Every structure is written in structure tokens, then in C-alpha cells.
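The values are calculated or read from the model by the stated rules, or taken from the named source; none is laboratory data. Keep in mind that what you see is a predicted model, and the values were worked out from it rather than measured. As a convention, Cβ positions derive from the backbone with ideal geometry for all residues, glycine included, and neighbour counts pool all protein chains shown.
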Amino acid sequence: MHPQSNYGHLIATIEIFTGMCLLAVMTGLIFARFSRPRARFVFANNAVITRHEGQQTLIIRIANARHNTVSRANARLWITRVERTTEGEQLRRFYELKLDRGDHPIFVLSWNLFHFIDKDSPLHGLTASDLTQGDAFLVLNVGGVDDSSIQQLHARRIYSWRDIRWQHRYEDITSVSPQGRLLLDYTKFHDTVPE
């Protein structure tokens, strides 16, 4: 079966061209949607505030659950809380918390993020009750480049004031095997202990 006239050939050509283009576009969209890697970052259930290097410090532990490397990993942390203006209006404001090591060249295993609570920190002088009254929560954004697919990964975790453990530290997850290799025990990843 084939067209019997020039008009029929023209219609068949347009139909074939349109069908092939539509198939190519749909295939590309479906491939792009399902081939996009998902970030499999594991965030500790709680953030902790403890002494580190002799200074009050907010620490958040994260890990890479993928069995590959994430290059140029970066993290940014904010705190948001409700405040009242001098006119009596209630506003929710965001403040960025400066991280001691906000970039990681090759994120493979675990990563502790440190924010030192010094006089320049938005957390300076605040207590647990201050965060409760301000309905405060932490917003952590982590990103990087997946080495396998060379695509950007993003993940976010939000910690409310209830998720912050004051005067606690994370359980140590590192040990050394009899062969001298570093071992990480992820069964203790979320565990915290009082100072």
C-alpha cells in the first residue's frame, strides 16, 4: 500500500516526519526523567549542639548512601525563626549559618558539618527555649556532582527546634579493623549521647 497521488505523498511525508519527531521527543523526555540520578544522602535524625575545639558548636552529620563518589559537594545551612518588628508585626526571617567546612572535594562516606556559635553567629546567646518561642527550624541544602552520570544532585533536610539535641554529641561510628582498615558502623549513625 502506498499513496497514489502527489497529494497523498505529501500527507504521508508530513505524517511520517511528525510521527518520528514525536517519538524522538517522547523517548528523550522519558529517558531524561528516569535516568536522572537521585541523591541518596542520609541525614542524622537530630542536629546536636556540643563543645568542639573548645567552642559551642552546632553539628549535623550526613552520609552518602550511594556506592560512588559525589564530587564538589557543598552544603548551606539556614535558621529561620519568627520575630516581631518594632511595629509589632510578626515575621519569619532566615539567617545563614556559616559552616566551617561547607565544601567537600570527594564526598564518599560520612561528613560532619560544623557551625561555630561565636559572637557573629545568629545562634549566639540563644537557648532552647528561645528557639521554641521563635518556632525555629534549620534548613540544610546539600548538592554535588554524581561521578557516574556527571549530573547534579540535590537534597534538603529540615530540622525543627524539637530535633536539636542540646549538650549532646554524636556516637562515634569509626573503628579500625584488625587489618588496619577504617570501618564505619552505620547502625550508630543516628545515635547521640549526652556530653
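Here are the numbers for this structure:
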item: Output for the range 178-195, where each listed residue is of a type in the set (Asp, Glu) and surrounded by 13 or more Cβ atoms within 10 Å (Cβ to Cβ); result: 191
item: Cross-chain or 6+ apart pairs with Cβ under 7 Å, the range 78-93 first and in the same structural domain as residue 139 (by TED's automatic domain parsing) and surrounded by fewer than 10 Cβ atoms within 10 Å (Cβ to Cβ), then in a loop (DSSP other than H, G, I, E, B) and β-branched (Val, Ile, Thr); result: 91/85
item: Hits in the range 113-150 - residues which are touching a His at 6+ places or on another chain (Cβ under 9 Å) and not charged (D, E, K, R); result: 114, 116, 117, 121, 123, 141, 142, 143, 144
item: Of all residues making up the range 161-179, the number that are free of Cβ contacts under 8 Å to residues at least 24 places away in the same chain and either under 19 Å from the mean Cα position of the chain (by Cα) or more than 30 Å from residue 80 (Cα to Cα) (or both); result: 6
item: Residue that is nearest to the chain's Cα centre (by Cα) [pool: residues in the range 140-160 that are outside any loop (DSSP other than H, G, I, E, B) and more than 27 Å from residue 174 (Cα to Cα)]; result: 152
item: Within the range 56-114, considering residues that are of a type in the set (Gly, Ala, Ser) and under 15 Å from the mean Cα position of the chain (by Cα), the one farthest from residue 133 (Cα to Cα); result: 71
item: Selection from the range 139-166 of residues that are in contact with a helix residue (DSSP H, G or I) (Cβ under 8 Å, 6 or more places away or on another chain) and under 14 Å from residue 48 (Cβ atoms); result: 161, 164, 166
